[in-house]
Amino acid sequence: MTAISDTPQRSYRTVNWGRGYSTLSEEHNYAIDEVEGSIPCELQGTLFRNGPGRFDRGGVSYQHPFDGDGMICAISFDQGKAHFKNRFVRTAEYLQEEKEDRILHKNVFATLKPGGFWNNAFDFSFKNVANTNVVYHGGKLWALWEAAPPYQLTPDTLETLGIDELGGILAKGLPFSAHPKLNPVTGELMNFGVRAGLQTTVRFYRVQPNGQVVVDGTHTFPGFAFVHDFVYTENYWIIFQNPMTLDPLPFVLGLKAAGECLKFADNQPTRILLIPRSGGEMITLEADPFFVFHHINAFEEQGKVIVDSIRYEEYLTTQEGRDFRETDFSVLPTGKMWRFEIDPKARRLSSRVLVERSSEFPQVNPSVVGRPHRYAYVAAIDAPQGNAPLQAILKMDFQEEVQQVYSFAPDGFVSEPVFIPRPSSQKEDDGWLITLVYRAEEHRTEVVILDARDLDQGPIARLKLKHHVPFGLHGTFTPHVFAR
Ligand code: CO
């Protein structure tokens, strides 16, 4: 293992970035009283965020940040004031490990149980980390993880109530992904679940505003698929089948975790699957191999289907022999904003890159999900080329094809920017972007509010938390004010 040397050209120090992956074991509940700037009074509601909060157990470090135990943060805004609360999702596995203070379970990405082969071979169970997203819908708050049913929590106290099988629909069936999307037209929460082996089965769900779950079809197609996200339009459910293969032997023998047995198959195409929502045959289009974790949005226009996504030229694997806090970004593939234009009738596909700067965690105004959008917001790197940790927020205007970037480098590291529309706003970008910025020098996190119309003016408010919040994954906003 070699240490990475920090060059002066870099926008960050690796050691500073790595500290953002420190465990936060304390659970807090307080009014945020250190505020620079002012919180808009019209901003009313609760931002829920999920992400790994613990990266070690009994003095043993986890091998991958995505194996970290899910911790929910609730930041509520009410009449110009804000409140912070965080609690771990008390999954069955978390409670057992908490009691014994040692790693008892195998994890999906890289962390095995101690004891090597004899303790890991032929163990196909996983710890449900419940760490990827959190959404409030139909009166329920769910912590989501793509390989299992959601955990339900109380929205005001963040107390864990237990696994929610959605009225029995998920029992022994397919999971419920961490990327549901609220349909702005019907008020339904659209989602999918996927199970992959030699062939892949995908199921689509609609959760009505009253919480009733409707299964919208189950489809099976050949080959293994690693599908993290989906998009939908008026007429189609859309998923991208990344060209991945799973080498099962080291997993079965307990030598490697499932995530480490995945390989990018650069001799296979990436398949774009359009599944008609009203029934009918699946449309499959093939492209040169690439990998997508997250889509920005999709819509239909003049008979064409447009999908905007963050595309990598290959899968991001862990760097063998290197602690994840010392990741060498210079060798990682970059995530770029691409547009895919599909003609479903002619079965034609064209695509082009729209933003060269490496970015992740795309968001749009929730009122345009599944419909034409003009803007997208992403967490991006400080420099226009290369790869690095996410330190900036980028706004893309697809109509003018111009970008705006606000950077928190060198000391700040950003998370997903959640877009919150201003109440009764008419313009698509009239609202706020809220992101959590980790300040490495102080080892503290700030909740930063930007005016989405103009990122150049900088934050309109910085809410300083009393502690750090580890780098998180996804979150959602609800206009309900909880956790006061
Ligand atoms: Co995701």
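The values are calculated or read from the model by the stated rules, or taken from the named source; none is laboratory data. If you're wondering where the values come from, they're calculated on a predicted model, not measured in any experiment. Cβ coordinates were reconstructed from backbone atoms using ideal geometry, including for glycine residues, and neighbour counts include every protein chain displayed. SASA here: full protein model, heavy atoms, side chains in, ligands and nucleic acids out. Shrake-Rupley method; radii C 1.70, N 1.55, O 1.52, S 1.80 Å.
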Note, V35: beta-carbon cut-off 12 Å, +1 each Lys/Arg, -1 each Asp/Glu, net -1
Which entries of K172/K304; K140/K256; K85/K181 have Cα-Cα distances beyond 29 Å here? K172/K304; K140/K256
Just how large is the dipole of the chain about the Cα centre, in debye to the nearest 20, putting +1 at every Lys and Arg Cβ and -1 at every Asp and Glu Cβ? 700
How much net charge surrounds V185 when only other residues with a Cβ under 14 Å from its Cβ are counted (Lys, Arg +1; Asp, Glu -1)? +1
Mind checking which of A409, M71, H28 is farthest towards the positive end of the range 14-478's charge dipole, using Cβ charges of +1 (Lys, Arg) and -1 (Asp, Glu) about the Cα centre? M71
Can you work out ³J(HN,Hα) from phi for every residue in the range 427-437, in order, using Karplus 6.51 cos²θ - 1.76 cosθ + 1.60 and θ = phi - 60°, giving whole Hz and x for Gly and Pro? 8, 4, 9, 7, x, 10, 10, 10, 9, 8, 10
Any chance you could look up the accessible area of K81 with a 1.4 Å probe, heavy atoms only, rounded to 10 Å²? 150
Area accessible to solvent at I460, 1.4 Å probe radius, in Å²: 40
Rounded, prolate or oblate: which fits the chain when a ≥ b ≥ c are the square roots of the eigenvalues of the alpha-carbon gyration tensor, with rounded for a/c under 1.5 and prolate only if a/b beats b/c? rounded
Over the heavy atoms of E159, what accessible area does a 1.4 Å probe trace out, to the nearest 10 Å²? 90
Once Lys and Arg are counted +1 and Asp and Glu -1 for all other residues with Cβ under 11 Å from that of V194, the total becomes 0
If you take the charge dipole of the range 14-478 about its Cα centre, with +1 on Lys and Arg Cβ and -1 on Asp and Glu Cβ, which of T233, N267, G168 is farthest toward its positive end? G168
If you place +1 on the Cβ of every Lys and Arg, -1 on the Cβ of every Asp and Glu, and leave all else neutral, what size is the dipole of the range 292-422 about its Cα centre, to the nearest 20 Debye? 600
Burial ranking of peptide ranges 379-392, 215-228 (average Cβ count within 10 Å, highest at the top): 379-392, 215-228
Integer Hz, Karplus 6.51/-1.76/1.60 couplings in order for the range 186-196, x for Gly and Pro: 9, x, 8, 8, 8, 7, 9, x, 9, 10, 10
Sorting H219, A376, A461 by the position of each Cα along the dipole of the chain (Lys, Arg +1; Asp, Glu -1; all at Cβ), the one nearest the positive end of that ordering is H219
Using DSSP to define loop residues, name the GluC sites (Glu not before Pro) in the range 346-434 whose beta-carbon has at most 13 other beta-carbon atoms within 10 Å. E356, E400, E401
